[in-house]
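What follows is a short report on a single structure.
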Amino acid sequence: MLLTDTSKLLMMPKHTFDILVFENAKTKSESLGLFSEHSDVADTNEFIESLKAKRFSHSAVPTIHTVLFSMSGDEWNRSGFKAGDYQKMIREVMKEWEIRTGYRLNWVAAEHRNPDHPHAHVAIRAAYKDRDGVEHTLKISNEDRKFFREQFQKTKEITRPFDPPPREFDHDYYRDREREPTLTIDTSFLDNFFYQVKRELEHEEWEREQARKKANNKQRER
């Protein structure tokens, strides 16, 4: 399963920001923190700073694109996937997209080990560098979304240690499947993450405003 979204930083809803590594009891989803292309522990501050670039100052310009990769818990278990496989698969898909497009991307991701629907959020900075190092606005087209879906499927097939064994007909299994509610994915990772960024930007703006007021007061006193 694949979901994509384009977001402007300041459109993110407000939620209390504690930490990115948390256990969500309601969704039974274990968040393992942020990882990136080269690190299992992404530099959050570095990524946040990259979103404060002047090119993103206009309200109409998106700050990030988000992509959600997901599979059922049944597929995960029957495929023999293990810890670290989601990170490996996401890195492979993103690298293949860079090769295909010639883009150099900046992204971070978070894996959520929900026993029913393990999934990973990928937040991609809405700008890329071309082969000459020149930065451009990043757009994700329908063709790109199709690529993500197909490449994720290919990567799963390559990564899984063995083909899923055929499932014997299980009346209880299929009865439970019919009762399953519509899939819902925990998006609080992105809400919390970008609320932190917004809060930092607002604090910086407040400091600039205080500095302007202080300067104006000094001029009046002269």
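The values are calculated or read from the model by the stated rules, or taken from the named source; none is laboratory data. Everything numeric in this text was worked out from a predicted model, so none of it was measured. Cβ sites come from the backbone with ideal geometry, for glycine too, and all protein chains shown count toward neighbours. Ligands, DNA and RNA are excluded from the accessible area calculation, which covers all protein heavy atoms including side chains. Shrake-Rupley method; radii C 1.70, N 1.55, O 1.52, S 1.80 Å.
Things to note:
- Residue match in the range 98-116 (condition: in a helix (DSSP H, G or I) and in contact with a strand residue (DSSP E or B) (Cβ under 7 Å, 6 or more places away or on another chain)): yes
The rows are residues; the columns are (1) modelled with pLDDT of 95 or more; (2) farther than 18 Å from Ser36 by Cβ; (3) surrounded by fewer than 20 Cβ atoms within 10 Å (Cβ to Cβ); (4) in contact with a His (Cβ under 8 Å, 6 or more places away or on another chain).
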position: Phe69; (1), (2), (3), (4): no, no, no, yes
position: Phe81; (1), (2), (3), (4): no, yes, yes, no
position: Met89; (1), (2), (3), (4): yes, no, no, no
position: Arg113; (1), (2), (3), (4): no, yes, yes, no
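- The residues of the range 93-106 that are touching a helix residue (DSSP H, G or I) at 6+ places or on another chain (Cβ under 9 Å) and open to solvent by 10 Å² or more (accessible area, probe 1.4 Å), listed by number, are Glu96, Arg100, Thr101, Tyr103, Arg104, Leu105, Asn106.
- Arg131, sole failed condition from (1) open to solvent by 70 Å² or more (accessible area, probe 1.4 Å); (2) at pLDDT below 70; (3) assigned to a loop (DSSP other than H, G, I, E, B): (2)
- Test: residue in the range 208-215 that is at pLDDT 75 or above, exposed (fewer than 11 other Cβ atoms within 10 Å of the Cβ), among the small types (Gly, Ala, Ser) and within 26 Å of the chain's Cα centre (by Cα): no
- Residue check, Phe69 in contact (Cβ under 8 Å) with a residue 60 or more places away in the chain, under 18 Å from the mean Cα position of the chain (by Cα) and not in a helix (DSSP H, G or I): yes
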